[in-house]
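The values are calculated or read from the model by the stated rules, or taken from the named source; none is laboratory data. If you're wondering where the values come from, they're calculated on a predicted model, not measured in any experiment. Using ideal geometry, Cβ is built from the backbone for each residue, glycine included, and neighbour counts are taken over all protein chains shown.
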Amino acid sequence: MLKNEYLLDLLKTVEKRNPGQPEFIQAVTEVFTSLEPVIEKRKDLVDAGVLDRLVEPERQIIFRIPWIDDNGKLQVNRGFRVQFNSAIGPYKGGFRFHPSVNISIMKFLGFEQIFKNSLTTLPMGGAKGGSDFDPKGKSDAEVMRFCQSFMSEMYRHIGADCDVPAGDIGVGAREIGFLFGQYKRLANEFTGTLTGKGLSFGGSLVRTQATGYGLCYFTQEMLKANGKSFDGTTVLVSGSGNVAIYAAEKATQLGAKVVAMSDSSGYIYDKNGIDLDYIKLLKEVERKRLKEYTVKHPDAEYHTEKGGIWTIPCDIALPCATQNELDEAGAKALVKNGCFAVCEGANMPSTPEAIEVLFENGILFAPAKASNAGGVATSGLEMSQNSERLSWSAKQVDDMLHNIMIGIFHACDDAAKEFGMEGNYMAGANIAGFLRVAEAMKAQGYV
Ligand code: NDP
Ligand code: 2IT
């Protein structure tokens, strides 16, 4: 519970200024709670108005996206870019295409991105964007026309040294390709203004795998520091998209057995261990629903109850689908069945109530802004490669990613210890991420 009067007052202002934005308020509340001991010690940062400025995005862009579907009918969607903070580098963060997208979700994601990008140690500010467009069930031609219309407005707000978008839910290699093509055409320049590009036009090796791999590298380091490892463990991975697939792949390489995955319709439980090659075929190539898994694996179970995946006994849970997917009941089920670590691949997948249950029961908890930073870190490496017009080998990028994730774990661990919260990596991540941005904001004056 937040007690510091200055932070309580500021939170009230944020609530008043942002009505009907529960996800944004949730993200701000968590960060403020972690920052209490920092604020007590660092009056200079309060005097510099760092927090008052940090909670207000530098710029928010909202626009109309008209496009024509395959039946010749006009469709209209809404587009967003929240350029939250540029204190330590150009705005950086993904685009999300999902029907649930609204300004609250854009702002929570943009806010989280500030601290996450700071933790990577690379020069990247925080941003997020996207649309309430749903790519599901659309033809490639529809997705292309939508992406072109989206970029026709977006291109004037982004640039390699200004704002560098990437993928997120509903935005993968196909969408980035269409977006890049339209950007290049309108801006009349070939620059690294988007990351997650195809390998033939400036993309980085390992970017596809980076968030999932990075999650496992962070988790591995956290487990090591607590006398544990992936070896021989049973793992649950929620989601079956980009992050989930490569988290499952790396966890398996590190000796775990992944027994369950999910999508928004249900989850599969395969006690023999998930057949990842088949998942990749279903999700990355054929764009089918997860339910189809049982066609090839009739022994696997498919269930549809929401949150049911967390009732499967496991040692480690990796929520990799979406925000607030792990609630209090899910956390209690994990604890009851002997789970010892929850490591977040998605952004803010655990509700505050779930996190409380995990802490009360001594479960190791890896917070998203630290543990899923491997994706954006590798985007940062893609930007470096584009700037020097060179491409690095997979091993080079993977080694750098691995080292960055090890560094992030220790930054969180050290900050938690320094401020008297040893083992609370959530507080450590918020504090370490904040301090770098705060020093830069103080140095740059009231902007
Ligand atoms: P994808 O679109 O590739 O996959 C998303 C997965 O999550 C799908 O299985 C999807 O199921 C499921 N999902 C999405 N929305 C919901 C929902 N409302 N309820 C239940 N399930 C849902 O996205 P990513 O894998 O890229 O992203 C997953 C998470 O990781 C997000 O929180 C994202 O912000 C975060 N992240 C992504 C990074 C990246 O580099 N891509 C980097 C860091 C974080 P269905 O197909 O049924 O919709
Ligand atoms: O949430 C995230 O960090 C991402 N979706 C990746 C952002 C990026 O710029 O690579």
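Couple of notes before you dig in:
- Tally of residues being under 22 Å from Ile105 (Cβ atoms) and part of a helix (DSSP H, G or I) across segment 332-357: 4
- Checked against the criterion of being acidic (Asp, Glu), within 16 Å of ligand 2 (Cβ to nearest atom) and modelled with pLDDT of 95 or more, the candidates Glu360, Glu344, Glu439 yield just one match: Glu344.
- In the set (1) without any contact (Cβ under 8 Å) to a residue 60 or more places away in the chain; (2) under 20 Å from Thr195 (Cα atoms), Lys92 fails one condition alone, (1).
Every residue, every condition in (1) free of Cβ contacts under 8 Å to residues at least 12 places away in the same chain; (2) assigned to a loop (DSSP other than H, G, I, E, B); (3) within 14 Å of ligand 2 (Cβ to nearest atom); (4) touching a strand residue (DSSP E or B) at 6+ places or on another chain (Cβ under 9 Å), yes or no:
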{"position": "Ile176", "(1), (2), (3), (4)": "no, no, yes, yes"}
{"position": "Thr191", "(1), (2), (3), (4)": "no, yes, no, yes"}
{"position": "Gly203", "(1), (2), (3), (4)": "no, yes, yes, no"}
{"position": "Thr211", "(1), (2), (3), (4)": "no, no, yes, no"}
{"position": "Thr219", "(1), (2), (3), (4)": "no, no, no, yes"}
{"position": "Lys228", "(1), (2), (3), (4)": "no, yes, no, yes"}
{"position": "Leu236", "(1), (2), (3), (4)": "no, no, no, yes"}
{"position": "Tyr246", "(1), (2), (3), (4)": "no, no, yes, no"}
{"position": "Val258", "(1), (2), (3), (4)": "no, no, no, yes"}
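- All conditions in (1) under 18 Å from Val243 (Cβ atoms); (2) surrounded by fewer than 24 Cβ atoms within 10 Å (Cβ to Cβ); (3) within 11 Å of ligand 2 (Cβ to nearest atom) hold for His98, with the sole exception of (3).
- Checked against the criterion of being more than 22 Å from Ala377 (Cβ to Cβ) and touching a helix residue (DSSP H, G or I) at 6+ places or on another chain (Cβ under 7 Å), the candidates Lys442, Lys417 yield just one match: Lys442.
- Subset of segment 385-400 [touching a residue at least 60 places away in the same chain (Cβ under 8 Å) and outside any loop (DSSP other than H, G, I, E, B)]: Gln385, Asn386, Ser387, Ala394, Val397, Asp398
- Count - residues of segment 248-265 that are among the small types (Gly, Ala, Ser) and within 9 Å of ligand 1 (Cβ to nearest atom): 3
- Residue within segment 335-342 that is among the polar types (S, T, N, Q), closer than 27 Å to Ala225 by Cα and without any contact (Cβ under 8 Å) to a residue 60 or more places away in the chain present: yes
- In segment 117-132, the residue that is farthest from Arg81 (Cα to Cα) out of those that are of a type outside the set (A, V, I, L, M, F, W, C) and near ligand 2 (Cβ under 9 Å from one of its atoms) is Asn117.
Here's the yes/no breakdown for (1) away from ligand 1 (no atom under 13 Å from the Cβ); (2) without any contact (Cβ under 8 Å) to a residue 60 or more places away in the chain; (3) touching a helix residue (DSSP H, G or I) at 6+ places or on another chain (Cβ under 7 Å):
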{"position": "Lys128", "(1), (2), (3)": "no, yes, yes"}
{"position": "Pro135", "(1), (2), (3)": "no, yes, yes"}
{"position": "Ser139", "(1), (2), (3)": "yes, no, no"}
{"position": "Cys147", "(1), (2), (3)": "yes, yes, yes"}
{"position": "Asp163", "(1), (2), (3)": "yes, no, yes"}
{"position": "Ala166", "(1), (2), (3)": "no, no, yes"}
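- Among the residues of segment 402-447, those that are part of a loop (DSSP other than H, G, I, E, B), farther than 24 Å from Phe359 by Cα and not hydrophobic (A, V, I, L, M, F, W, C) comprise Gln444, Gly445, Tyr446.
- Matching residues in segment 333-354 - criterion: being surrounded by fewer than 23 Cβ atoms within 10 Å (Cβ to Cβ) and within 16 Å of ligand 1 (Cβ to nearest atom): Thr351
- Extreme residue, nearest to Lys283 (Cα to Cα), among residues of segment 173-202 that are under 22 Å from the mean Cα position of the chain (by Cα) and of a type in the set (D, E, K, R): Arg174
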